[in-house]
1. What residue, of B:K773, B:K741, is farther than 28 Å from A:A744 by Cβ, within 14 Å of chain A (Cβ to nearest Cβ) and at pLDDT below 90?
2. Given the options A:P573, A:P579, A:P560, name the one that is in contact (Cβ under 8 Å) with a residue 24 or more places away in the chain, in a loop (DSSP other than H, G, I, E, B), in contact with a Lys or Arg (Cβ under 7 Å, 6 or more places away or on another chain) and surrounded by 19 or more Cβ atoms within 10 Å (Cβ to Cβ).
3. Please work out which residue is nearest to the chain's Cα centre (by Cα), limiting yourself to segment A:360-374 and to residues that are surrounded by 14 or more Cβ atoms within 10 Å (Cβ to Cβ) and free of Cβ contacts under 8 Å to residues at least 60 places away in the same chain.
4. Among A:F688, A:F728, which is surrounded by fewer than 21 Cβ atoms within 10 Å (Cβ to Cβ) and either of a type outside the set (A, V, I, L, M) or on the phi < 0 side of the Ramachandran plot (or both)?
5. For segment A:177-191, which positions are outside any helix (DSSP H, G or I) and within 14 Å of A:L205 (Cα to Cα)?
6. Based on this model, can you work out whether B:P573 counts as more than 14 Å from every other protein chain (Cβ to nearest Cβ) and not small (G, A, S)?
7. How many residues are closer than 17 Å to B:G421 by Cβ and without any contact (Cβ under 8 Å) to a residue 12 or more places away in the chain when one looks only at segment B:375-399?
8. Being of a type in the set (D, E, K, R) and in a loop (DSSP other than H, G, I, E, B) is the filter here; which residues of segment B:362-397 pass it?
There are 2 protein chains.
Amino acid sequence: MVEEDLNQIGGNSNYNGEGGDPESNTLNQPLVKANRTLSSTPLALVGAKVSHIESLDYEINENDLFKHDWRKRSKAQVLQYVFLKWTLACLVGLFTGLIATLINLAVENIAGYKLLAVGHFLTQERYVTGLMVLVGANLGLTLVASVLCVCFAPTAAGPGIPEIKAYLNGVDTPNMFGATTMIVKIVGSIGAVAAGLDLGKEGPLVHIGSCIASLLGQGGTDNHRIKWRWLRYFNNDRDRRDLITCGSAAGVCAAFRSPVGGVLFALEEVATWWRSALLWRTFFSTAVVVVVLREFIEICNSGKCGLFGKGGLIMFDVSHVTYTYHVTDIIPVMLIGVIGGILGSLYNHLLHKVLRLYNLINEKGKIHKVLLSLTVSLFTSVCLYGLPFLAKCKPCDPSIDEICPTNGRSGNFKQFHCPKGYYNDLATLLLTTNDDAVRNLFSSNTPNEFGMGSLWIFFVLYCILGLFTFGIATPSGLFLPIILMGAAYGRMLGAAMGSYTSIDQGLYAVLGAAALMAGSMRMTVSLCVIFLELTNNLLLLPITMIVLLIAKTVGDSFNPSIYDIILHLKGLPFLEANPEPWMRNLTVGELGDAKPPVVTLQGVEKVSNIVDVLKNTTHNAFPVLDEAEVPQVGLATGATELHGLILRAHLVKVLKKRWFLTEKRRTEEWEVREKFPWDELAEREDNFDDVAITSAEMEMYVDLHPLTNTTPYTVMENMSVAKALVLFRQVGLRHLLIVPKIQASGMCPVVGILTRQDLRAYNILQAFPLLEKSKGGKTH
Amino acid sequence: MVEEDLNQIGGNSNYNGEGGDPESNTLNQPLVKANRTLSSTPLALVGAKVSHIESLDYEINENDLFKHDWRKRSKAQVLQYVFLKWTLACLVGLFTGLIATLINLAVENIAGYKLLAVGHFLTQERYVTGLMVLVGANLGLTLVASVLCVCFAPTAAGPGIPEIKAYLNGVDTPNMFGATTMIVKIVGSIGAVAAGLDLGKEGPLVHIGSCIASLLGQGGTDNHRIKWRWLRYFNNDRDRRDLITCGSAAGVCAAFRSPVGGVLFALEEVATWWRSALLWRTFFSTAVVVVVLREFIEICNSGKCGLFGKGGLIMFDVSHVTYTYHVTDIIPVMLIGVIGGILGSLYNHLLHKVLRLYNLINEKGKIHKVLLSLTVSLFTSVCLYGLPFLAKCKPCDPSIDEICPTNGRSGNFKQFHCPKGYYNDLATLLLTTNDDAVRNLFSSNTPNEFGMGSLWIFFVLYCILGLFTFGIATPSGLFLPIILMGAAYGRMLGAAMGSYTSIDQGLYAVLGAAALMAGSMRMTVSLCVIFLELTNNLLLLPITMIVLLIAKTVGDSFNPSIYDIILHLKGLPFLEANPEPWMRNLTVGELGDAKPPVVTLQGVEKVSNIVDVLKNTTHNAFPVLDEAEVPQVGLATGATELHGLILRAHLVKVLKKRWFLTEKRRTEEWEVREKFPWDELAEREDNFDDVAITSAEMEMYVDLHPLTNTTPYTVMENMSVAKALVLFRQVGLRHLLIVPKIQASGMCPVVGILTRQDLRAYNILQAFPLLEKSKGGKTH
């Protein structure tokens, strides 16, 4: 936010700092040198391999066919559409809730039985057998998760949130929302979390919610679709975008049981465009999720979910606890925020390095990826089992009602290798599921449950694991590792403060987790509401806000958020909401000049020309020009008219359908209508290789008018890049035409086309290094 | 929302319903006939009188001076700005919280002592004296509120929310956010609410919050400003917009003690543009409000707020109540929603009629306005006092802990004229403050407290009062009247359902209030969250959502929301988020042709021409053209270049400062810089009358280049109005230039300018009646 604020009022004081007279230089001379070109690569890292990515068409393609179509739609069809939209929102919530429950139950039961077995061997003092069982089970689970990910759906690795963010920003990444990805994500998530790895199921749940939304919207998998006519309304990028927004909100809600938080997460972190209507529909989805989760909690409370069903659904339930605090507590609270911000940005920095290293390993092949995962799993298991031996046995506090010591999974005070009446505090945190560890750290009125030494070991271990686990080839969420680290450091800070404050150590842990999340992910409002809904205590709101605000501000002064770092690392062309200050110094005309000249087509064009253009360029849209008559002026010579913009996909469709004219003439709309139904036109298709055109056909003509979008958005060439970017992002464009500021015969009415890639700060700085010196170290 | 959905996929099936071949007609022929003109009136009803309104400049005016300025800004200045922005957000919350507390305490104490006196006379059976006291006190309080409103600040009447909505949409209404308005609003609100009128303090609180924000942003009242240099950063429309958004969120939060609900209310209902950064800042404001309110509640709980301090702050506190419901309860819940939607839209319809009638009365002069208020007050007082005599005395239920019967203000079971051991249920609802009435209706586990007859009388009375109180010349909120009506009908429905459902009658009342609000105001998410924060029960979320969804859908099928009706009635040019379907059929070129030809200026222009243009037109901006050289084409004859757009305010400034050149030449930026500091340029000034120009000066020249915004947004003439509207609203424009699609010498590079007025559906339909037939009864 601070960054955004800086942009708003300009603020690059060091612009004039370099010798000479750079000010008049930048004002009066063009920044473009003839040999500079604006490069744009349509490649990005998707899953683990570099793939071709494409922009999405969120703009309404207002060609004659579209206009004809929507005039034709009946009231009944409109009602069908509205009804279906709400039904889909409901189904997204329903399925997300069900799958979240499934994952929770599976993880709890698998991990439960595993830990029970380990505990069994521990009580028999068969320590080596215990280690073998734990390591074996964890390796097996990791192997399943990792092999599935590596072989069947590389895009299922990681949290998926950066890719969803990019999708909603207008970048289509292939194989992101398919059925295989979803199934692998579900199974892999169960395996990885049950294996005790330091990763969460929250990020994957968001991705799963989005997959459900996408699959429902298109009526099934890519190969097996329901051919329900009603669903054809959703066969376009705009409606899919809305559905995926609903899905991501439902996923967050399922992860934290926080309906309002889920909506705000989608609004604040994930979505790029937002409308009131969407607010309401996402809220509907999250409400359905809450209902499903509540039903299952009731069922599980009556004992029908297996041995260990209860724990998973009641995540971090701290709502019945009353925390108190006083005005003097503001100083430790601010301290939590500052440390959280520093740690969070440090974590971002180091994770970036680790991910780069992992990329090198992953590039070596599938076996390496699986081996990497197994190594991390082995290390984790050994640490989880071995480190508790370092901790001293602590005597049970008889004043506490809970059973102490306990064996197996459930219960707060793990006996481990201690004698009766004693418990091992480190085992309580380590030999359990991550959810339980968080719950133990958040627990209040237990100031002496954990020793300082154990907390230190736990914190250091999870810092290491948090850095080295995230990049492995399994579904992995970032929320939980950060919450674990944050809760540990918060609790340590609380213990260190000791008698200075009256804040409970559990509250310190909660605030520490919030601070570290804000310091790393830089979310604020949604995080605040999620914590509000977790703690269910309005009184905590002000101090949570102070912590989040400070942590975010501190973090922002070091580096961007972790999702931005991942987006950048993967090369996804994400458009930021706020233009960089130096973008006001550059005009789109200068940007257009740095690109190859624009390729245009005639309104009625020869087939051979179209084939040439498709073969020799990679552009996805072409301006369509016509000769114009200007009766009122009288100077008709060389007058040209911009008719609009035609998409490559539509040109390919014309060639595939062989809709050629023998003579050069304009057609009527009804001639085309039958040939190109609108729902077919909305599909993306640009595989041009298998179209064979005879040489006779090459000499024929195509009338492009009916297929041309006659209302493309345009900017004048002296528009600043900053304002063009605002237009591009606010309206959700794919192509933006640059028109000349000069009116004269013989001039081309289009001087350039801007795409998402051209407006990215990173790409512009490659072509205009002069600007780089002025940017003040803002981009990474 | 349903309307919005309809727009998205088009959906005007009856478009082709009229004879002939309108389809090819609209496709191929221009809709514009030569004699049609697009009229736009800059007048609207502000307060009670017709005033001149102006659009706001949310676009960044990128002229040379602006560019120079922000290049010059130092890091320290940027930090000043950021720091101040947060400080102001905090202060907005602080003051809003304090004033909300003040209003609550004043209302509770004034109304408390008043009712205590009335109760005193009732127990002595001096009924006429009691009536006199009540009527006298209420008339006095109403008189104060009304006279203040009528004489000092007419804009303080009503809720103020529609005007805030319009402001954030880009319409500046004069005298809306001044100090006088705020003070009158505070005092008037206290008077009107304490007088027992059927109006709330919630709407006024939103307005007060916005006033505080505006006053803080400009550093004081219009006449007495703090000349603090830091504050100059906020002297522009963009920053004021952000502050007022914070203020409105703080107001809602203060009204309902719902921080998240307040933010979402601002997001959903009030604001037009929204950014992530704003989300966080508004949330900060509302958190501060919550802290202030909580502090005061603690102080009041320790008895330091006078006799009746407690009640006002703890509004509708139903959080400790546990409601239960079952799946079979879905039918009554849906019934509540349907009835709520019907009643809500009926209320909107009737209120519209009443407001039109009141307008006629109010036009007659100040005395009439005051008399109207007093009449309503008299009628209200007589009804409140007289109607309880119709109710039968009910015996106290000894199983309930509360004192029964009670006298005076506090207490649930009013004795009124009943014997000991009996209470009057209608007096419990009527002879109390509105807040207490709501609390009584919401109370649970009291199925027999209110008789059906009493509820009917209450409901009918408050329907009548709700219609006739809103339009009087006092500050009046719409929330409370609607909540009262809704709670009454909900409770009646609950009583009628009787044994059919297990839902508590208090819950019925809550849902009824929600349904009627959704049916009338058409808010959904914010309402849902406000009710969530009021009831503090996540379990209620699903049924609240169902009720709201149904009520809103039912209401939307009849008429627009009450705020939209008021906006339309007042003639405020509010731009809707979604274009009407028929807007895709019209191009901006056709729209431009229906307007008078565009008036342009030369880059270096004669003073006399500028004076002429300013005198003879009312436009607020003029395109600046230059002759162009086109070396690469060679056809320089008649080539013109669009340099940009200059604002009327800046032209007036040039004339006032007499910045004239003796010869026709272009100037350097440094020549202008001293003359026109940027913070002066941001101020609006267009009073041109007092500028006297000598005839010698008339022959001199002005170089408009440095003051021209070189980067205005443009659309091509074949752009559809629908897309132009999306651009206009999303980017937040004041002027949109239409450029020709044809490139030819001799053509003017600008064929028209669109403003907010030109893009309003209502105005377009006036000029293009053919479209009206196709619109399918969507606008009112």
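1. Unique residue meeting the criteria: B:K773.
2. Numbers: A:P579 fails: in contact with a Lys or Arg (Cβ under 7 Å, 6 or more places away or on another chain); A:P560 fails: in contact with a Lys or Arg (Cβ under 7 Å, 6 or more places away or on another chain).
After applying the criteria, what remains is A:P573.
3. Applying the first criterion (surrounded by 14 or more Cβ atoms within 10 Å (Cβ to Cβ)) to segment A:360-374 yields A:361-362, A:366, A:368-374.
Now drop any that are not free of Cβ contacts under 8 Å to residues at least 60 places away in the same chain, which leaves A:361, A:368, A:371.
Working: A:I361: 24, A:H368: 26, A:L371: 27 Å.
That would be A:I361.
4. A:F688
5. Residues of segment A:177-191 outside any helix (DSSP H, G or I): A:177-178.
Once the filter is applied, which keeps residues that are outside any helix (DSSP H, G or I) and within 14 Å of A:L205 (Cα to Cα), segment A:177-191 yields only A:F177.
6. For B:P573, the condition - more than 14 Å from every other protein chain (Cβ to nearest Cβ) and not small (G, A, S) - is met.
7. Final tally of qualifying residues: 2.
8. B:E363, B:K364, B:K392, B:D397
The values are calculated or read from the model by the stated rules, or taken from the named source; none is laboratory data. Note that the structure is predicted; figures quoted are calculated from it, not measured. Here the Cβ is made from the backbone with ideal geometry for all residues, glycine too, and neighbour counts use every protein chain on show.
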